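Contents: one structure, followed by commentary.
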Amino acid sequence: MCGIFGQITPGKPIDPAACLAAVQTLTHRGPDGLGVAAGRLDRRLTVFDLNPTTELLQLRLPEACDFFLGHRRLSVIDLAPEAFQPMANEDHTVWVVFNGEIYNHPELRRRLEGCGHRFSTHHSDTEVLVHGYEQWGAHVVDELRGMFALAVLDLTAERVLLARDRLGQKPLYYRLDGAGVTFASEPKALFRLLDFDTAISPAALIDYLSHGFVPAPRTIWHGMKKLRAAERLMIPLPAASTARPETYWTLNHEPVAGKSDAQWFDEFEAELSQSVRLRMASDVPLGAFLSGGLDSTAVTRQMSRASNRPVRTFSIGFHEPRFDESPYARRVAEKYGTIHHCEVLSPETLIEVVPLLADIFDEPFADSSAIPTYKVSQLARQHVTVALSGDGGDELLAGYRRYRLQHQLSRMLDPHPRFLLKMVFGPIASLWPERARGKSLLQLLVPGAKARYFKVFLDDYLIDLAHGDLAKHWNCLLESAWSDGPRHLVDRMCATDSRFYIPEDLMVKVDRTSMHVSLEARSPLLDHKLFELIGRMPLETRFGVKRNKLPLRRLLGREWNSAFLDRRKMGFAVPLGKWFREDLRDDLRDTLLRPHGLVTSLFPRPTVERLIENHLAGSRDQSHRLWKLYMLEKWNDCHGKPSRSRGQADMVSRHV
């Protein structure tokens with residue numbers, strides 16, 4: 001696990017000092033060492049330094065070098081100096097930097113050795129990428145089972161390969177232009193380049209106001225993109241700007257008949273066990289996040305069965321009972337004999353995290369569950385370097401309540417003519433006051449399963465309130481993520497979530513919060529082999545009208561009663577509505593209504609005041625929209641330029 005950075009500009013000298021400064025902004029992702037490879041693409045001069053104690057001023061780089069690869073290492077697998085990055089093949093014509101873990105690297109090593117490749121490290125997964133690229137080229141990513149963002153510089157072929165794992169667990173930002181390519185694990189590294197364009201992208205701003213995050217390939221800035229999940233980008237260095245990403249993996253739902261439910265459940269348990277065992281490989285202390293929900297309970301169970309020593313588990317509790325799942329986590333810890341650590345957090349402790357969020361995420365990001373995710377990561381890092389989590393179980397096995405609601409609405413509404421639904425529910429929804437309760441449910445009473453699903457992720461209310469016509473040329477990226485392939489609506493929603501929600505929200509939250517405290521978070525339920533298995537499993541074997549996650553419930557039902565298994569899902573939420581009415585009330589008004597702020601430049605002040613007052617009056621909880629605006633202004637405080645003030649709305653309009 002680490003932070004990576006690279007700049008490759010054929011024939012155009014780079015600024016080594018700026019590149020070194022960029023790498024150092026990623027120290028939180030890799031506090032255990034610094035590695036640098038820099039030189040000229042014609043291979044006449046290369047400097048390679050892997051001394052983790054090297055100071056920036058001590059590292060002498062060649063003049064007129066036109067490539068730079070930098071790496072900050074969090075040591076997890078193969079702690080020997082030989083395993084440090086950047087890593088090259090024997091004749092230094094192929095260079096690799098990567099962030100993540102390749103869980104099947106022992107198997108790939110054996111295959112590559114059988115093809116004649118010779119390894120110089122003991123068990124480094126990075127070296128598998130070096131020789132794997134030599135053997136398979138860009139198709140090396142097809143062979144990988146893991147989480148990764150990688151870059152391969154091929155000096156002989158004069159090209160660069162960028163790639164990201166199938167479910168987007170690791171991030172990769174990049175910029176292509178006529179000079180070449182620059183990439184990094186986080187945007188803050190690219191900020192160090194003096195010629196970086198920090199103008200806000202209007203389309204990305206609309207994305208954020210709608211979704212609460214900016215989905216790939218967009219970023220909030222004009223001058224930067226990010227790879228989507230399951231994409232690779234082969235960049236020809238003489239013509240870098242012509243490169244286009246390609247998708248190398250797609251989740252398919254094609255149920256296979258001929259097996260009993262028991263056989264499917266056994267296969268699921270075997271695949272889950274292997275996924276957990278693969279992620280328990282570590283040369284440093286390892287533990288697990290344990291919320292007490294079904295997903296983290298199943299992961300903890302499998303870890304305990306696979307380990308010859310007690311597993312360390314970590315959870316946080318809340319003072320408000322409706323948010324507090326820690327008593328269930330303690331029960332799970334007792335049953336499986338873990339060494340359990342739990343911290344009950346006061347509202348004041350949670351609110352202290354809020355000012356950190358803009359710096360942690362770089363882009364505006366409005367998933368408030370990032371706050372407890374950061375705190376549990378912080379707790380775990382006091383004891384371990386790696387933590388397994390239950391993330392992904394709801395998307396894998398249709399665990400959210402919205403799946404069941406959408407399924408029921410489809411059965412209820414879709415048999416009726418579309419014009420009739422529009423005629424009956426359209427006027428009611430439009431006339432129903434925005435501030436009144438029940439508006440969200442009414443908005444779901446529209447014809448078409450796709451339209452109803454989009455209502456979950458598309459909130460156009462804030463866009464409609466903004467100055468001007470922001471959405472005039474907006475291209476909604478959710479359209480390209482929607483999956484028409486699976487026959488059943490539940491499968492279509494799960495497949496779309498794997499392309500959109502998992503990589504753009506869930507994994508952004510987990511990666512940034514955990515890596516900010518130098519903790520590696522691994523998600524066994526996000527193994528692509530598990531997703532492929534579920535894609536083959538008949539829907540009725542895993543999803544019922546009254547109960548979901550049937551394979552997990554069957555697995556845990558051997559040891560837990562229905563009171564534990566069937567309790568109300570709690571999630572990992574914080575009481576935003578209460579905070580905005582109490583603890584953050586004054587700061588909310590000061591932040592959103594400040595003169596010359598980004599929010600007041602985008603929205604009429606009376607509109608923002610009305611949104612605040614409606615929430616404070618308790619007529620309808622508007623905390624999710626207020627949080628978007630609040631985090632947008634906090635982001636602007638952290639990353640905005642002085643010029644982004646009163647003229648912001650005009651600037652956005654000019655760029656649309």
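The values are calculated or read from the model by the stated rules, or taken from the named source; none is laboratory data. This is a predicted model, so every value here is computed, not measured. Neighbour counts run over all protein chains shown; Cβ positions are idealised from the backbone, glycine included.
Does the range 594-606 hold any residues that are closer than 23 Å to residue 358 by Cβ and either within 31 Å of the chain's Cα centre (by Cα) or touching a residue at least 24 places away in the same chain (Cβ under 8 Å) (or both), and which are they? Step through it out loud before you land on a result.
From the range 594-606, those closer than 23 Å to residue 358 by Cβ are 594-603, 605; that's our starting set.
Matches in the range 594-606: 594, 596, 597, 598, 599, 600, 601, 602, 603.
Based on this model, can you work out whether residue 147 counts as touching a helix residue (DSSP H, G or I) at 6+ places or on another chain (Cβ under 9 Å), under 19 Å from residue 248 (Cα atoms) and surrounded by 24 or more Cβ atoms within 10 Å (Cβ to Cβ)? Talk me through it step by step, then tell me what you get.
On the way: touching a helix residue (DSSP H, G or I) at 6+ places or on another chain (Cβ under 9 Å): yes; under 19 Å from residue 248 (Cα atoms): yes; surrounded by 24 or more Cβ atoms within 10 Å (Cβ to Cβ): yes.
Yes.
Within the range 1-41, how many residues turn out to be free of Cβ contacts under 8 Å to residues at least 40 places away in the same chain and touching a Leu at 6+ places or on another chain (Cβ under 6 Å)?
Final tally of qualifying residues: 2.
Before we move on, is residue 533 in contact with a helix residue (DSSP H, G or I) (Cβ under 6 Å, 6 or more places away or on another chain), assigned by TED's automatic domain parsing to the domain that holds residue 621 and buried (at least 17 other Cβ atoms within 10 Å of the Cβ)?
no
Of all residues in the range 350-390, which are crowded, with 23+ Cβ neighbours inside 10 Å, more than 20 Å from residue 324 (Cβ to Cβ) and in contact with a strand residue (DSSP E or B) (Cβ under 8 Å, 6 or more places away or on another chain)?
Hits for the range 350-390 are 386, 387, 388.
Restricting attention to the range 115-131, does a residue exist that is over 28 Å from residue 22 (Cα atoms), out of contact with any helix residue (DSSP H, G or I) (no Cβ under 8 Å at 6 or more places or on another chain) and either among the charged types (D, E, K, R) or surrounded by fewer than 24 Cβ atoms within 10 Å (Cβ to Cβ) (or both)?
Among the residues of the range 115-131, at least one is over 28 Å from residue 22 (Cα atoms), out of contact with any helix residue (DSSP H, G or I) (no Cβ under 8 Å at 6 or more places or on another chain) and either among the charged types (D, E, K, R) or surrounded by fewer than 24 Cβ atoms within 10 Å (Cβ to Cβ) (or both), which makes the answer yes.
Please list, ordered by residue number, the helices (runs of 4 or more DSSP H) wholly in the range 303-396 having 1 or more residues that are in contact (Cβ under 8 Å) with a residue 12 or more places away in the chain and within 30 Å of residue 205 (Cβ to Cβ). Let's see the steps before the verdict.
Details: elements: 326-336, 347-351, 357-361, 370-381, 393-396.
Qualifying helices (runs of 4 or more DSSP H): 347-351, 357-361, 370-381, 393-396.
Report every pair of residues separated by at least 6 positions or lying on different chains whose Cβ atoms are under 6 Å apart, first residue within the range 119-132 and within 11 Å of residue 79 (Cα to Cα), second not aliphatic (A, V, I, L, M).
Pairs that qualify, where the first residue is within 11 Å of residue 79 (Cα to Cα) and the partner is not aliphatic (A, V, I, L, M), are 121/78; 121/82; 121/127; 122/78; 123/78; 124/78.
Picking from 271, 254, which residue would you name as being part of a loop (DSSP other than H, G, I, E, B) and touching a helix residue (DSSP H, G or I) at 6+ places or on another chain (Cβ under 8 Å)?
254
Which count do you get for residues in the range 21-69 that are at pLDDT 85 or above, in a loop (DSSP other than H, G, I, E, B) and surrounded by fewer than 19 Cβ atoms within 10 Å (Cβ to Cβ)? Write out each step before concluding.
Here is the first cut: in the range 21-69, the ones at pLDDT 85 or above are 21-41, 65-69.
Now drop any that are not in a loop (DSSP other than H, G, I, E, B), which leaves 25-26, 30-32, 40-41, 65-66.
Filter once more, keeping what is surrounded by fewer than 19 Cβ atoms within 10 Å (Cβ to Cβ): 31-32, 40-41.
So the count comes out to 4.
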